[in-house]
Amino acid sequence: METTTALGALGGLLSLVDPVPYLRDVLAGRTRPHRGTWGVWSVLGVTAVAAQAGERFDWSIATLVVQAATITATFVLSLRCGVGGASRRELALLGVAGAGVAAWLLAADPVWAVLGVVTADLAGCVLMLPKSWSDPWSETPSSYAVAGLAGACAAGAVGAGEVAIVYPSYFAVANLGLAAVLLVRRGAVERVVELPAALATERVATG
């Protein structure tokens, strides 16, 4: 098996695995997805599947279908147990995401189409950043880490210099970045919480 084929297969497998812990945590009440974020991502997922209509059905399209289904399921769950409303900031970012989707669908140049997808996806990421920063336990970092690895594998499966490498490369960086932010913030919050307790213990010991 060629390296690129192996990387593509591994990326597809990882992309099927990464939603599992996220959906588990949502159903358990530990993770509270942002409605706007998952709404944007579900539109992207369903549109990607629709764009493959009429193509020969193979494992890559099957992967897209499963991804779209799990993303849409997360969005539906977010309507009941998620966060995010209709603030000016959120509406503005949803507008940016909508413009990105429109560019993806209407652009004749593949470069502009890819930039449209990246813009829409990034707007979805930015939508969830404030709540992820203030409450890093409201997200599941392992899902983003695995998704980032899937993106890295997908990028490795694409030939260097091809336009198709842009999105999986962005996807890898964005998801690994989100996982890193969540883990770093968890550590920072724990240190802030533990410091007063440590100081109180020290006062008692020295008092």
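Any idea which of 177, 102, 29 is furthest toward the positive side of the dipole for the chain, if Lys and Arg beta-carbons carry +1 and Asp and Glu beta-carbons -1?
29
With angles folded into 0 to 90 degrees, how steeply does helix 141-156 sit against the dominant principal axis of the chain? Use alpha carbons for both and round to 10.
Rounded to the nearest ten degrees, it is 30.
With the calculation restricted to Cα positions, what are the radius of gyration and Dmax of the chain in angstrom?
Rg, Dmax (Cα atoms, Å): 19.4, 77.
Suppose a student asked you for the relative contact order of the chain, using Cα pairs under 8 Å spaced at least 6 residues apart; what percent would you report?
Result for the chain is 28 percent.
If R0 is 41 Å, what FRET efficiency do you get for residue 134 and residue 69 from their C-beta distance, rounded to 0.05?
It comes out at approximately 0.85.
Estimate the FRET efficiency between residue 111 and residue 61 by the formula 1/(1 + (r/R0)^6), using the beta-carbon distance for r and 25 Å for R0, to the nearest 0.05.
Approximately 0.60, to the nearest 0.05.
Per the helix-only calculation at 222 nm, which mean residue ellipticity applies to the chain, given -39500 (n - 2.57) for every DSSP H run of n ≥ 4 and division by its residues, nearest 500 deg cm²/dmol?
It comes out at -28000 deg cm²/dmol, rounded to the nearest 500.
How far is it, in nm, from the label point at residue 27 to the one at residue 79 when both lie 7 Å from their Cα along the line to the Cβ?
About 1.9 nm separates the two model spin labels.
Throughout, read-outs are computed from the coordinates displayed, never taken from laboratory work. As the structure is a computational prediction, the values presented were derived from the model and not from experiment. Cβ: placed from backbone, ideal geometry, glycine included. Neighbour counts: every protein chain shown.
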